[in-house]
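Participant: Sending over a structure as structure tokens; questions will come in a sec.
The values are calculated or read from the model by the stated rules, or taken from the named source; none is laboratory data. This structure is a prediction, so every number in the text was calculated from the model and none was measured. With ideal geometry, Cβ positions are generated from the backbone for all residues, glycine too; neighbour counts draw on all protein chains shown. What goes into the accessible areas is simple: the full protein's heavy atoms, side chains included, and nothing from ligands, DNA or RNA. Shrake-Rupley method; radii C 1.70, N 1.55, O 1.52, S 1.80 Å.
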Amino acid sequence: MATPKSWLPWAALAVVAALGGVWLARSTLAPAAAQAPQLQGGTWLPEPREVAAPALVDSRGAPFTQDSFTGHASVLFFGFTHCPDLCPTTMALLAQVRRTARTPFTVYLVSVDPERDTPEVLQAYLRGFDPEFIGLTGAPLDIKGYTRTFGAAVAKVELPGGSYTMDHSAALFLLDERGRLRAIFTPPYQVESLAADLDAAIAATRG
């Protein structure tokens, strides 16, 4: 029969084993998403941010809600079809990035000029860059509130002759498969680096 003293070494080993098991469980069960991706030109948000969309209309004329973002990664850009340089440059770049990136994602152009950007106008405009790009438009007040949700800067600028243009920021916003904001990218953009960043960021959203 074992004496009380003979139990002590085994008890000590049991405690060490238990502590080791707790440490191992914590290290192996920690979610992979806790590891922030190393981005070259973007900012990763440590916590997903809810950014509910208002009732919008897409470039195919179909109703669009927050649920429409479900099931795929999305990249949003706030711009407009009458934009002279920034928007066409960014759309052309995103078309190249989609062909370069390993991970698929959907590109959305959210119009900051809904008075002129009807679904038909958006569809004709985006078809020239990538037929799978989707335009979003809606009531001016809804669009204005949506841009504020993302912190996207937009200002209407009157032009001689009664026309106008829209000044706006050039940020890209990555949404995860639940439509939550996960990363923000700012220019200058390069095809290879942005494609690599999106691959890493999208992978992290699924970890």
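The rows are residues; the columns are (1) hydrophobic (A, V, I, L, M, F, W, C); (2) crowded, with 18+ Cβ neighbours inside 10 Å; (3) at pLDDT below 95.
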{"position": "THR90", "(1), (2), (3)": "no, yes, no"}
{"position": "PRO104", "(1), (2), (3)": "no, no, no"}
{"position": "PRO114", "(1), (2), (3)": "no, yes, no"}
{"position": "VAL121", "(1), (2), (3)": "yes, yes, no"}
{"position": "GLY138", "(1), (2), (3)": "no, yes, no"}
{"position": "GLY162", "(1), (2), (3)": "no, no, yes"}
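Participant: What tally of residues in the range 61-79 results from selecting those that are over 18 Å from ILE143 (Cβ atoms) and surrounded by fewer than 17 Cβ atoms within 10 Å (Cβ to Cβ)?
Facilitator: 4
Participant: Check PRO131 against each of (1) in contact (Cβ under 8 Å) with a residue 12 or more places away in the chain; (2) in a loop (DSSP other than H, G, I, E, B) and name the one condition it does not meet.
Facilitator: It is condition (1) that PRO131 fails.
Participant: Then there is this: When only residues in the range 168-207 that are open to solvent by 20 Å² or more (accessible area, probe 1.4 Å) and part of a strand (DSSP E or B) count, which is nearest to PHE80 (Cα to Cα)?
Facilitator: Taking the range 168-207 as the starting set, the residues that turn out to be open to solvent by 20 Å² or more (accessible area, probe 1.4 Å) are 168-169, 177-178, 180, 184, 186-193, 196, 200, 203, 205-207.
Adding the requirement that they be part of a strand (DSSP E or B) leaves 168, 180, 184.
Working: HIS168: 9, ARG180: 23, ILE184: 19 Å.
The selected residue is HIS168.
Participant: Also: Which of (1) open to solvent by less than 20 Å² (accessible area, probe 1.4 Å); (2) assigned to a strand (DSSP E or B); (3) of a type outside the set (Gly, Ala, Ser) is the odd one out, the single condition THR147 does not satisfy?
Facilitator: (2)
Participant: Give the residue, chosen from ALA55, ALA33, that is among the hydrophobic types (A, V, I, L, M, F, W, C) and either modelled with pLDDT under 50 or open to solvent by less than 70 Å² (accessible area, probe 1.4 Å) (or both). Spell out the reasoning first.
Facilitator: Numbers: ALA55 fails: either modelled with pLDDT under 50 or open to solvent by less than 70 Å² (accessible area, probe 1.4 Å) (or both).
On inspection, the qualifying residue turns out to be ALA33.
Participant: Sort through VAL57, VAL97, VAL75 and tell me the only one that's in contact with a Gly (Cβ under 8 Å, 6 or more places away or on another chain) and not in a loop (DSSP other than H, G, I, E, B).
Facilitator: Numbers: VAL97 fails: in contact with a Gly (Cβ under 8 Å, 6 or more places away or on another chain); VAL75 fails: in contact with a Gly (Cβ under 8 Å, 6 or more places away or on another chain).
Testing whether each residue is in contact with a Gly (Cβ under 8 Å, 6 or more places away or on another chain) and not in a loop (DSSP other than H, G, I, E, B) leaves just VAL57.
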